[in-house]
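Here the structure comes first, spelled out in structure tokens, and everything after it is commentary.
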Amino acid sequence: GAAARDGESRRGGPADSPFVRACRREPTPHTPVWFMRQAGRSLPEYREIRANVGMLDSCRRPELVAEITLQPVRRHGVDAAILFSDIVVPVAAAGVDLDIVPGTGPVVAQPVRTAEDVQRIRPITRDDVSYVDEAVRLLVTELGDTPLIGFAGAPFTLASYLVEGGPSRTHAKTKALMYGQPELWHALCARLAEVTLSFLTVQIEAGVSAVQLFDSWAGALSEADYRRYVLPHSAYVLAGLAHAGVPRIHFGVGTGELLTAMGEAGADVVGVDWRTPLDVATRRIGPDKAVQGNLDPTVLLAPWSVVETEVRRIVEQGRAAPGHVFNLGHGVLPETDPDVLTRVVALVHEVSARHAG
Ligand code: CP3
């Protein structure tokens, strides 16, 4: 009946998991934890399965995607899985000629320079990314009560790869286009926002329990420029998902000065990197949003006593927020010892456990 189909009213299941409850600012038995880039090169079982398959190819094989997504769930006991894919997967599906080069990242054959280049980015439908739809459906069945997080890149971060042609430290070409040709900039971001919204909608319809919008490089901008050139496009994506019924997480790196604006863009949860303590971040974001973060990924390379102190501090500072999802401030570094990640999950659960009565 209607109640059984309504994830919110059904007891148990991923919609009632600690992770989804924390995103909704509801009480949880413990602070939920997952790691950005938890599926990937820190795991020997990942390196083995990827040995002879290119990154983009692997994202287009549903069984392989499901297996890689499940690896960190089995190994670490994290509170959520994140779909194995990449932010450039929907852009490739939209017709952009690109590749993901090991050790470098996304590389675009013909960087975007003109209105014609923007026109060539086609809208996408489910059929353009049917392998993602299939992978999500496989995973939702396999995961049972463990929620699956879907994701996409936000317009600014995607635009940066498309305009630079690859990774960039300064985002100089991107900013030159933004300041010099604002109409072209907004046309590009509007296109990318449509692609991102479609990609996230496919994942939600296939059954993901939450989505994360990665604006990894937004921290390169001042707050004024963020509000003028970027926020409207990310807000368009987030508003397009407002009635989809799953929490929306909005994340960027180096965004201490942007946290208020990123919250205003419309997510339910704001990701925070290690530069801003969670209690400070909560004051900037406000009482109506949960926070996610924010262990420095390099701390995982330090002695365990340092890791333990930092984890305890973050769980404590997270209590200032109306909801806290423990995570790193950015992705797991490939050289991380996976056993340390497993211990961090157990420690977060232990120090945050709330006993009834
Ligand atoms: O576990 C997860 O978090 C899910 C998988 C995931 C990948 N990429 C897999 C991947 C996610 C969520 C992403 C998002 C992504 N991709 C972002 C946003 C998150 C962030 O880190 O800020 C960005 C900026 C990208 C672009 C990108 N793709 C980069 C910078 C790289 C790394 C390049 C390198 O080799 O150092 C990639 C490739 C990539 N995406 C890998 C993985 C596992 C490595 C490829 C490989 O294993 O050969």
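Every read-out reported here was derived from the displayed coordinates using simple, explicitly stated rules and does not represent laboratory data. Since we're looking at a predicted model, the values are computed, not measured. Don't worry about glycine lacking a Cβ; one is built from the backbone with ideal geometry, like all the others, and counts go over all protein chains shown.
Remarks
- With helices as the sole contributors, the chain gives -13000 deg cm²/dmol at 222 nm; each DSSP H run of n ≥ 4 counts as -39500 (n - 2.57), and the sum is divided by every residue.
- For segment 198-237: rounded, prolate or oblate by the Cα gyration tensor [a/c cutoff 1.5]: prolate
- Cα-Cα pairs of the chain separated by more than 31 Å (percent): 30
- The share of Cα pairs per 10 Å bin across segment 180-294, counted from zero up to the longest distance, runs 14, 46, 31, 8, 0 percent.
- Approximate shape of segment 247-357 as ellipsoid semi-axes (Cα gyration tensor, √5λ), whole Å, largest first: 23, 17, 11
- Remark: HIS243, HIS171, HIS186, HIS250 ranked as HIS243, HIS186, HIS171, HIS250, counting other beta-carbon atoms within 10 Å and listing the fewest first.
- With neighbours defined as other Cβ atoms within 10 Å of a residue's Cβ, the residues LYS173, LYS289 order from fewest to most as LYS173, LYS289.
- The residues SER222, SER58, SER209, when put in order of fewest to most other Cβ atoms within 10 Å, stand as SER222, SER58, SER209.
- Cα-Cα separations in segment 78-177 greater than 21 Å, expressed as whole percent: 42
- For the chain, the longest principal axis of the C-alpha atoms and the axis of helix 182-206 are separated by about 40°.
- Tail weight of P(r) past 16 Å, computed on alpha-carbon pairs of segment 41-87, percent: 33
- Gaussian network model of the chain, springs between alpha carbon atoms under 10 Å - residue of ALA239, ALA39, ALA135 with greatest fluctuation: ALA239
- Principal axes of segment 142-211: Cα extent on each, largest first, Å: 49, 24, 14
- Pairwise FRET efficiency - ASP99 versus ARG227, Cβ, R0 = 45 Å, nearest 0.05: 0.85
- Calculated FRET value between ALA172 and ASP339, using beta carbons and R₀ = 35 Å, to 0.05: 0.30
- For segment 119-245, the convex hull spanned by the alpha carbon atoms encloses 118 Å³ per residue.
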